[in-house]
Amino acid sequence: MKFQIEDVTVYFPYDNIYPEQYEYMIELKRVLDAKGHCVLEMPTGTGKTIALLSLITSYSLSKPSSPLKLIYCTRTVHEMEKTLAELKFLYKYQVQMLGPSAGILALGLSSRKNLCVNPNVVSAENRDSVDAACRKLTASWVRSMAIENRNVPTCEFYENYEKVASNVVLPPGVYTLQDLRVFGKEKGWCPYFLARYMVRSANVVVYSYQYLLDPKVAGIISKEMQRESVVVFDEAHNIDNVCIEALSVSVRRQTLEGATRNISRMSQEIERLKATDAGRLRAEYNRLVEGLAQRGNLPIADTWFANPTLPEDILKEAVPGNIRRAEHFLSVLRRLVQYFKGRLLAENVEKEGPVTFVASINTQVGIDQKMLRFCYDRLHSLLLTLEITDTDEFLHIQSICDLATLVGTYTRGFSIIIEPFDERMPHIPDPVLQLCCHDASLAIKPVFERFQSVVITSGTLSPIDLYPRLLNFDPKVSRSFTMSLTRDCICPMVLTRGSDQLPVSTKYDLRSDPGVEKNYGKLLLEMVSVVPDGVVCFFVSYSYMDGIVNSWHESGILKEIMQHKLVFIETQDVVETTLALDNYRRACDCGRGAVFFSVARGKVAEGIDFDRHYGRLVIMFGVPFQYTLSRVLLARLEYLRETFQIKEGDFLTFDALRQAAQCVGRVIRSKADYGMMIFADKRYSRHDKRSKLPGWILSHLRDAHLNLSTDMAVHIAREFLKRMAQPYDKTGAIGRKTLMSQEDLKKMHSNGGGMFS
Amino acid sequence: MSHNETNGEDIRFNREEEDDDEGDGRGLDAWERVYADERSWESLQEDESGLLRPVDNKTLLHAQYRRRLRTATSIRIQKGLIRYLYIVLDLSRAASEMDYKPSRMIVVARQVEAFIREFFDQNPLSQLGLVTLKDGVAHSLTDLGGSPESHIKVLMGKLECSGDASLQNGLDLVHSLLNQIPSYGHREVLILYSALSTCDPGDVTEAIQKCKSSKIRCSVIGLAAELYVCKCLCQETGGSYNVALDEPHLKELILEHAPPPPAIAEFATPNLIKMGFPQRAAEGVISICSCHKEAKSGGGYICPRCRARICELPSECQICGLILVSSPHLARSYHHLFPITPFDDVSPLVSNDPRKLLKNCFGCQQSLLNPGNYSYHLLATSILFHI
């Protein structure tokens, strides 16, 4: 269908549109007009992605004089593929309506692991080793060697690509990763480098968060994006954590040992080089004296890490004299590693600011702040000079230099925390030195400054006013949309009491109470006997899950549960969990029924959907607060209070509730689906907790469902399931209109033009 | 905008409430009514603001209306009149639950009894058998047969439940039983499923595929909630899947299976079937009955081909295998193929105006104006006109 939003003609590939999609587009259009940023919350299953894509592409089609580039960031490769598939559908429609003039170039960009077509390279087991294997074949010195010596292996795809590099053109269209690989194979061009090259001229780019937020990667990939771009962060409810992780480093004993190995390897290389080709070291020295930044005119295949700090914080000056010589730099690194080793021997927890840390490095091993700042760039230059290609071996020393550069650059928003052992397991010594970033706004600031509009969107962004504060920006629009439904297909309940009417909670004082554990067990038992197919349970932590499953096992509740449904448990092992999930799905498919025990904040809670019969009910046992005694968290809370005036309690509740909402949101992925959500903790009934849930859950949370006991919940569940099992009428014949056709929109436009303005 | 909307709704609410009051006033007072079922609270539900309101039956009315339209449009659809139906009863542990009073099992048995009678009434040419699921295995309770009484008697004698239900075992058993019947018959299974899971020895999807390939139409009526395998089964085999809300709804759902369903396309080829129309034996003649193997006097029918004596119609001759029916049976089945065209709703206002009213029935030309004629007329159209 085709309709007008103010002066933009929107091409929407479906015949009908949900009212909330329409409103979403209107808000988005305003933001684009105002060239500002926005935060938009809309529940999953309402077609957020297609609304976004069709509005933004239509917007730039209707204004051919100032084309907008769309940079769409997703969390996972799977989501990237889904987005590109929708875009493909939209593209087909637009070309059909407008002819070839609507042609755009859209592509996904991912790591070499996902894009490489060279069978020798892509067979390596993880991302880093694929990267290294690629570099072994494509580094500039390897290629120049290959010209002299035919036996040196190179990558034919890269060579072919390089031959035509300057006039490579991808015909307009939408390219998924698979399409790129196919295209690359056909032409014999390397799809990875092709994609990286085409990203600059493409109209739509879909890639992962890191390519924009992590300065180490963003410096290489996203450097040349134009200002007239719209950046979309999809599923952005955890964006603050991504930002923080991008600027945090932790160092363990293994890291230091690895770093020592790296240093000795480098010194061997230097000795070898001195004997054979001293000129190369000399040339590097001269280059550093002249203050040439080592990126600049490097061939595309050689850039593999950029500075971990943000672009404007990089010093534009020459590398200090005392680390220009390779041997000197190595001895600085050696001393630094030695210093870290000494610090890791600490018996107590230590916490320092970057300033004191740098000062203590200076007094103890004589490395000043400026030298620290240049560590990363200097290392990069040295590795290039030494022509080292197996970069995956050098990750340890890289993270040491990463830390050094960060700590030398920033004085605020960071702290150094040294813990001799994990608080929860005090018997096992596991010393770790962490550089923690507390300020999510640091990493995202350049994105806000560089690009015209930034859209932050997700199904759960409540309370919506907190995100602008955490990320320190000023949104033009922040709005939460609700879902229009033909029937009440979600049924959230707050369960505060067990079957014996005693309160249930995972609060510390009640947590290990056998009565509470029994009540939780009884709740699950009752529920598995009335709910068909799949049930998902989320616990607050692995240790709590282990404890409660043990106690259920001892009291025989687990056995009774197994009579109704099979039980599967998420573990910290990814392979095991994948297998469990697989079998869980099979059990749901064949009608045996299954329960999946999972942990909030775990892999499953974040990325796995339990739609349709895979999840008819999700039970959230307790409120998933973070481990509040963690030093890192405490330091961050303190920083948030001092800098952004966000109270500790507020932040903790917000964080816990967004996790809970994320967990329960797993069950409903479309309007035809249905599912129940039980929040099993008495604390959910309190207003300060409840009000932080997203609007689309709150609007279905009736007052009568706020203070339930097990038997009442079971009754409600029975009724709900029977009601939902009745034939589903998509058109909403009972007066609730949720689909609008082109005519409806026109009518709305003509008689109530000012309805939304 | 939203503000206006809520206002509008409020107004609507108020109006409805007034309507309700009037409605109550017209009928008997609450204390004068006889409570047919003592569960009167179930006809109330709580709305968003916590007020008690009568259950919203707009949905049901809507569904009924659509069903009526559907039957009206399905005049030309070919239907299978000779049906071989197995009713599979789930008598697992879940059937002992008490959410239907007195228990799911009793309620199901009661409804099945009514269904069996209705089934033979509407499909005199068809046969039916019973299978139960309990303790993880499937039992054949009765073989295919045409006598409602014998099925009901066996069913009522076997009502006890235990163990788990296995859909796969049930399907396998029914498949092996239905595979033997001749190709002109329509194979159907109606499963009344109380359990929310199935404990199978193997892969239930294989059993579903087997049923699909032998053209067995499987329908499921659930008693608790929607189960994915059941939905799968019905989708694959072309049956219908419903979940009952309460006892009246269950009854309605079961009875929906009484009229013959549309024929499966592959079966739609016309087929000639040899049938005999036996004569009623003369009174007082004593002969040996071929079905009970004992001497009986009077009643009974004589097979036109081999002259054997048969007690009941319709049935298959035990001696020569001829299908024996009576002509009213055939006629009664026949009306499914050419259903009555839907009557036009006449609003009471129009009916007050004698000029606009049709004076005679379009089918039988009887006068509609004489109210005494009315009941007779209805009877007449449904029986005489369509035979």
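Observations on the structure shown:
- At q = 0.10 Å⁻¹, base-10 log of I(q)/I(0) for segment A:330-481 (Debye sum, equal scatterers on each alpha carbon): -0.52
- Most to least packed among A:94-106, A:372-384 [average Cβ atoms within 10 Å]: A:372-384, A:94-106
- Based on the convex hull around the alpha carbon atoms, segment A:138-218 presents an average projected area of 6.5 nm².
- Helix A:77-98 axis versus longest C-alpha principal axis of chain A: approximately 80°, rounded to the nearest ten.
- Computed from the Kirkwood radius of its Cα pairs, the Stokes-Einstein diffusion coefficient for segment A:474-565 at 4 °C and 1.567 mPa s stands at 83 µm²/s.
- Kirkwood hydrodynamic radius over Cα pairs of chain A, then Stokes diffusion coefficient at 25 °C and 0.890 mPa s, in µm²/s: 86 µm²/s
- Based on alpha carbons, the Rg and Dmax found for segment A:490-725 are 17.2, 55 Å.
- Listed by chain and number, the lysines placed with their C-alpha closer than 18 angstrom to that of residue A:341 are A:351; residues fewer than eight positions away on the same chain are left out.
- The distance separating the Cα centre of segment A:640-716 from that of segment A:228-261 comes to 28 Å.
- Summed over all non-identical Cα pairs, the Kirkwood treatment of segment B:275-333 gives a radius of 11.4 Å.
- Cross-linked pairs A:559/A:722; A:113/A:692; A:747/B:231; A:92/A:746; A:29/A:163: Cα-Cα separations exceed 32 Å for A:113/A:692; A:747/B:231; A:29/A:163.
- Counting only alpha carbon atoms, the long axis of helix A:253-276 and the longest principal axis of chain A meet at about 30°.
- Scaled against the 2.2 N^0.38 Å expected of a compact globular protein of N residues, the Cα radius of gyration of segment A:46-130 reads 1.35.
- Cα convex hull of segment A:247-438, projected area averaged across orientations, nm²: 11.2 nm²
- For the peptides A:260-269, B:82-91, A:182-191, residues were scored by their other Cβ atoms within 10 Å and the scores averaged per peptide; the highest-first order is B:82-91, A:182-191, A:260-269.
- Rule-of-thumb Rg ratio for segment A:625-746 [Cα; 2.2 N^0.38 Å; N residues]: 1.42
- Count Lys and Arg as plus one, Asp and Glu as minus one, and take only other residues whose Cβ is under 11 Å from that of residue A:463; the net charge is then -1.
- In plain terms, the C-alpha convex hull of segment A:71-112 casts an average shadow of 3.3 nm² when viewed from every direction.
- Computed from Cα positions, the angle between helix A:710-724 and the longest principal axis of chain A comes to roughly 90 degrees.
- Derived value for segment A:211-274: Kirkwood hydrodynamic radius 15.4 Å. Basis is the mean of 1/r over every pair of different alpha-carbon atoms.
- Area of residue A:33 that stays accessible when all protein chains are in place (1.4 Å probe, Å², to 10): 70 Å²
- Residue by residue along B:189-196, Cβ atoms of other protein chains within 10 Å of the local Cβ number 2 on average.
- Average beta-carbon neighbours from other chains, 10 Å sphere, peptide A:583-594: 5
- Other protein chain C-beta atoms within 10 Å of residue C-beta, averaged over A:714-725: 4.
- Accessible-area value, residue A:216, 1.4 Å probe, nucleic acids and ligands omitted, Å²: 50 Å²
- Taking the inverse of the mean 1/r over every pair of distinct Cα atoms in segment B:79-266 gives a Kirkwood hydrodynamic radius of 16.1 Å.
- Cα centroid separation, segment A:471-530 to segment A:398-466: 30 Å.
The values are calculated or read from the model by the stated rules, or taken from the named source; none is laboratory data. Just so you know, these numbers come straight off a predicted model, no measurement behind them. For neighbour counting, all protein chains shown are included, and Cβ atoms are generated from backbone atoms with ideal geometry for every residue, glycine included. Protein only, heavy atoms only, side chains kept; ligands, DNA and RNA dropped before computing areas. Shrake-Rupley method; radii C 1.70, N 1.55, O 1.52, S 1.80 Å.
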